[in-house]
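Report on the following structure.
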Amino acid sequence: MKILFSPSETKVTGGTKPPINLDNSSFPSCKESKLYILNMYDNYLHDKDDTDLKKLFGIKKESEFLKNSSINIFEDPTMKAIKRYTGVAYDYLDYSNLTKEGQEFIDNNLLIFSNLFGPLLAKDLIPYYKLKQGEKLDDFAIESFYSKSCKEILDDYLKDQFIVDLRAGFYLKFYKSIYPYITMKFIKNGKVVSHWAKAYRGLIVKQLANYQPQNENSFAKIPFENLSIVEIQKSGLKTEYIYEILS
């Protein structure tokens, strides 16, 4: 199976692995596309003034800006993407406390759509970076670029896979599946939740790592804690499981 997932605005700095090497990434056929964006980002960091960079980063505090203004995307140390990203969903996924088997499953089956690096597997090594969701490099929309340049590669990669799409709305722009897939919606007191949806996406991925379902039948039998199925809706290629949060 493959799980489609979002990155996080917040990230761990530093790293102990060598600088990024796109030849060793999970999608080598996307190398030229990724290199194009990384060079554009790197040039932007060197050419723009502080006001433009603060907007790009989505930060206002001077101390935070100074920390991010020294980014060198090609020379900074790296770490696994799954360890680089923090935030609610990643906190609840709790990768570090999974079994070795669970971690290996996440490494090879969690597909993260980065707004800078495009499609990544959780095991891919990336440096620290800062880029606010939806921000453009001048007038260049990164998500539109990746949706075109990497589409055929992802179509081939996801062929014959059981797909669970847990991406937040913005990251749907990076890729549209041509195969059947499952999504999940979380409601409480009759209303769709937003903040807690991030937490439950993380918990869902954690359970998927434990059970590793290979089809919808086995997926449907997973006892997700504190969730109860309300409805299953089918529309085209999408099958949406709607869950009630019990407490």
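Tabulated data for the structure shown
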read-out: Restricting region 31-74 to trypsin sites (Lys or Arg not before Pro) in coil, as DSSP defines it, with at most 13 other Cβ within 10 Å; value: 60, 61
read-out: Distant alpha-carbon pairs in region 2-245 (separation over 34 angstrom), percent; value: 16
read-out: In Hz, Karplus ³J(HN,Hα) per residue of region 39-54 (6.51, -1.76, 1.60; θ = phi - 60°; x = Gly, Pro); value: 5, 5, 4, 4, 5, 4, 4, 7, 9, 8, 7, 4, 4, 5, 5, 4
read-out: Size of region 179-247 as Cα extents on the principal axes (Å, biggest first); value: 30, 29, 17
read-out: The chain: calculated mean residue ellipticity at 222 nm from DSSP helix runs of at least 4, using -39500 (n - 2.57); value: -10500 deg cm²/dmol
read-out: Projected label distance in nm at residue 94 and residue 42, using a 7 Å step from Cα toward the beta-carbon; value: 4.0
read-out: Set 2/151; 31/238; 100/238; 17/173; 31/136; 34/61 screened for pairs whose C-alpha atoms are more than 22 Å apart; value: 31/238; 100/238; 17/173; 34/61
read-out: Cβ-derived FRET efficiency at R0 30 Å, residue 62 paired with residue 193, nearest 0.05; value: 0.30
read-out: Calculated FRET efficiency for the pair residue 16/residue 185, C-beta based, R₀ 35 Å, to 0.05; value: 0.35
read-out: Cα gyration tensor, region 16-124 - rounded (a/c under 1.5), prolate or oblate; value: oblate
read-out: For region 128-183 versus region 205-247, the gap between their alpha-carbon centres in whole angstrom; value: 22
read-out: Qualifying trypsin sites (Lys or Arg not before Pro) for region 148-247 [loop in DSSP, other Cβ within 10 Å: at most 10]; value: 159, 221
read-out: Rounded to 5, percent antiparallel among DSSP beta bridges of the chain; value: 60
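Where a number appears in this text, it was derived from the coordinates with a stated rule and is not lab data. Since we're looking at a predicted model, the values are computed, not measured. Don't worry about glycine lacking a Cβ; one is built from the backbone with ideal geometry, like all the others, and counts go over all protein chains shown.
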